[in-house]
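Below is one structure; the comments refer to it alone.
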Amino acid sequence: MKEKYVAHVLAVPYPSQGHICPMLQFCKCLVSRGVKASFAITNYISNTLNPKFDDECLRFVTISDGYDEGGFMEAKSVSDYLARLESVGSLALGDAIEQDVDSPNPITCVVYDAFLPWGLNVAKKYGLKGAVFFTQACGVNYVYYLIHHGKLSMPVNGPWVDVPGLPQLGVDDLPSFVGAPESYLAYLQLVLNQNSNVDAADYVLVNTVYELEDKVVDAMSNECPLLTIGPTIPSYYLDKQRPWDKTYGLDLFHLDPSPTTNWLSTKPPRSVIYVSFGSMACLPKDQMQELALSLKESAYNFLWVVRACEEAKLPKEFVYDTSSKGLIVRWAPQLEVLASEAIGCFLTHCGWNSTLEALVMSVPMVGMPQWTDQPLDAKLIEDVWKVGIRVKVNENGLVEREEIGRCIVSVMEGETRSELVENAKKWKGLVKKAICQGGSSDRNIGKFINNISNSLGGECSENRT
Ligand code: UDP
Ligand code: 7WV
């Protein structure tokens with residue numbers, strides 16, 4: 001009897017927004033190419049959001065991270081959360097695999113987030129293939145790889161760091177945990193540990209595009225063969241192979257798109273600054289105030305995502321005072337926003353998903369990185385792709401309102417804008433080409449599917465289209 005699917009992947013994301021989105025999107029892509037996918041979410045996420053899919057080939061399975069009532073917020077510390085996620089999550093994952101063993105299409109491969117290297121141990125315990133999935137830029141992964149293998153020292157000595165395949169990096173361009181190791185020791189350990197067993201994984205998948213990071217992909221590939229499979233952005237915005245696929249489909253924050261889209265539809269083309277710091281970054285109060293005042297003083301409209309937990313840091317009366325040109329929302333339909341004609345620039349924290357999204361929509365950026373991988377993403381934006389400029393921080397670590405204003409003006413008008421937009425269009429073309437049939441990412445996804453299908457026996461691979 002022929003199998004219905006060429007393979008069955010169990011996808012295990014790190015349970016944060018920026019890690020769920022790319023893995024979910026990768027699963028949709030696998031499903032459209034004949035693979036069945038089970039997507040593991042935590043009991044906490046499942047209970048609070050109850051996400052569902054209509055697609056029989058893509059289903060959610062639930063696992064416990066040890067914090068079923070409150071998720072990460074329930075944990076006493078980052079290291080407590082990560083330890084329980086590993087111990088409880090490993091067992092739960094094993095149960096999910098076992099439950100499926102007698103089904104017509106049992107799980108054949110575990111695709112686990114690089115933040116969860118123990119995913120490979122679970123895969124191997126059940127005799128399955130294991131593919132590690134990196135959600136961050138290849139350059140970022142390579143910096144951590146080199147440090148883990150003792151090839152790059154930390155703390156860095158000297159003002160500049162040379163990483164093969166990357167421009168010369170200042171300490172402020174490095175991932176924040178490297179530049180200031182004492183800041184988040186548990187997260188530093190987490191990102192370095194991604195490499196603890198990467199050499200034992202059957203496949204290394206990276207959510208980037210070869211053409212965006214060719215030199216560093218080549219450099220890292222010499223030491224650690226990898227497949228670039230990105231960008232994991234809904235198909236509607238790229239190859240349109242799945243025209244209905246317009247959103248990621250799993251927002252960890254309450255989303256009401258219509259206030260945003262209605263407001264945007266009243267704004268002239270390229271008149272709006274879109275401001276967002278993603279799902280995690282918290283700005284110091286004085287930084288929020290500087291930003292608020294620069295938006296208030298600017299000549300442009302603005303749409304600012306301020307998550308509920310950040311709201312108290314806004315100046316009093318700010319919403320009222322700026323209501324003629326500004327809209328503040330707690331969470332936005334970001335892809336739709338970036339695709340809107342009304343948007344003129346993206347003031348961003350340079351999270352990797354946001355960065356790729358802005359590239360795909362050719363929206364020029366003002367980079368205001370906060371922590372983790374964001375400084376290095378900002379470096380790529382400013383100095384490698386030249387699709388944005390990064391704000392300068394003063395001696396107290398603050399970005400002053402005049403500086404934000406200066407950056408906004410140069411991204412919104414004049415010669416700088418023309419150059420940034422021209423570059424952005426070029427990169428968008430390359431990115432689209434990479435994911436369309438025959439492109440670098442498309443071929444790598446094909447290779448991956450071919451390999452995991454072969455493990456089921458030759459018969460199934462005939463089913464591939
Ligand atoms: N996002 C969104 N609405 C918002 C803000 C962010 O849908 O109001 C999405 C954004 O499109 C991206 C993800 O959340 O896909 C954030 O990921 P990123 O890597 O940019 O940053 P992180 O949240 O991990 O810091
Ligand atoms: C979630 C938790 C911790 C980190 C990240 C996400 C990230 O940078 O992707 Br360090």
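The values are calculated or read from the model by the stated rules, or taken from the named source; none is laboratory data. Here the structure is a predicted model, which means the values were calculated and not measured. Here Cβ is always computed from backbone atoms with ideal geometry, including for glycine, and neighbour counts include all displayed protein chains. Ligands, DNA and RNA are stripped out before the accessible areas are found, and what is left, the full protein with its side chains, is counted by its heavy atoms. Shrake-Rupley method; radii C 1.70, N 1.55, O 1.52, S 1.80 Å.
In region 114-129, which residue that is touching a Gly at 6+ places or on another chain (Cβ under 8 Å) and part of a loop (DSSP other than H, G, I, E, B) is most open to solvent (accessible area, probe 1.4 Å)? Even if it seems obvious, please write down each step before you answer.
First, the residues of region 114-129 that are touching a Gly at 6+ places or on another chain (Cβ under 8 Å): 116, 118-120, 122-126.
Those left that are additionally part of a loop (DSSP other than H, G, I, E, B): 116, 126.
Values: Leu116: 4, Tyr126: 60 Å².
Here the answer is Tyr126.
Only one of (1) touching a residue at least 40 places away in the same chain (Cβ under 8 Å); (2) hydrophobic (A, V, I, L, M, F, W, C); (3) surrounded by fewer than 21 Cβ atoms within 10 Å (Cβ to Cβ); (4) in contact with a Gly (Cβ under 9 Å, 6 or more places away or on another chain) fails for Val171. Which number is that?
(1)
Can you go through Phe115, Phe72 and tell me which one is within 30 Å of Glu213 (Cα to Cα) and either acidic (Asp, Glu) or touching a residue at least 24 places away in the same chain (Cβ under 8 Å) (or both)? Let's see the steps before the verdict.
On the way: Phe72 fails: within 30 Å of Glu213 (Cα to Cα).
Among Phe115, Phe72, only Phe115 is within 30 Å of Glu213 (Cα to Cα) and either acidic (Asp, Glu) or touching a residue at least 24 places away in the same chain (Cβ under 8 Å) (or both).
For residues that are acidic (Asp, Glu) and assigned to a loop (DSSP other than H, G, I, E, B), scanning just region 80-107, find the one that is least open to solvent (accessible area, probe 1.4 Å). First the steps, then the outcome.
If we filter region 80-107 for residues that are acidic (Asp, Glu), which is where we start, we get 80, 86, 95, 98, 100, 102.
Okay, now just the ones that are also assigned to a loop (DSSP other than H, G, I, E, B), so 100, 102.
Values: Asp100: 13, Asp102: 146 Å².
Selected residue: Asp100.
If you go through region 3-61 one residue at a time, how many are assigned to a loop (DSSP other than H, G, I, E, B), within 17 Å of Val110 (Cα to Cα) and under 20 Å from the mean Cα position of the chain (by Cα)?
Qualifying residue count, region 3-61: 3.
Which one of the conditions (1) more than 8 Å from ligand 1 (Cβ to nearest atom); (2) out of contact with any Ser or Thr (no Cβ under 6 Å at 6 or more places or on another chain); (3) not basic (Lys, Arg) does Met365 fail to meet, given that it meets all the rest?
With respect to (1) more than 8 Å from ligand 1 (Cβ to nearest atom); (2) out of contact with any Ser or Thr (no Cβ under 6 Å at 6 or more places or on another chain); (3) not basic (Lys, Arg), Met365 is out only on (2).
Residue-wise test of (1) open to solvent by less than 10 Å² (accessible area, probe 1.4 Å); (2) aliphatic (A, V, I, L, M).
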position	(1), (2)
Tyr112	yes, no
Val132	yes, yes
Val163	yes, yes
Ser183	no, no
Gln189	no, no
Ala201	no, yes
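I'd like to verify a number: residues in region 326-377 that are assigned to a loop (DSSP other than H, G, I, E, B), acidic (Asp, Glu) and away from ligand 2 (no atom under 12 Å from the Cβ), how many? Steps first, please.
Within region 326-377, the first condition is being assigned to a loop (DSSP other than H, G, I, E, B), and the residues that meet it are 330-333, 340-342, 349-351, 361-364, 368-373.
Next, only the ones that are acidic (Asp, Glu) stay: 341, 373.
If we keep only those that are away from ligand 2 (no atom under 12 Å from the Cβ) too, we end up with 341.
Total satisfying the criteria: 1.
Looking at region 240-282 only, could you name the residues that are within 16 Å of ligand 2 (Cβ to nearest atom) and either touching a helix residue (DSSP H, G or I) at 6+ places or on another chain (Cβ under 7 Å) or open to solvent by 60 Å² or more (accessible area, probe 1.4 Å) (or both)?
Of everything in region 240-282, those that are within 16 Å of ligand 2 (Cβ to nearest atom) and either touching a helix residue (DSSP H, G or I) at 6+ places or on another chain (Cβ under 7 Å) or open to solvent by 60 Å² or more (accessible area, probe 1.4 Å) (or both) turn out to be Tyr248, Leu250, Leu252, Phe253, Ser276, Gly278, Ser279, Met280, Cys282.
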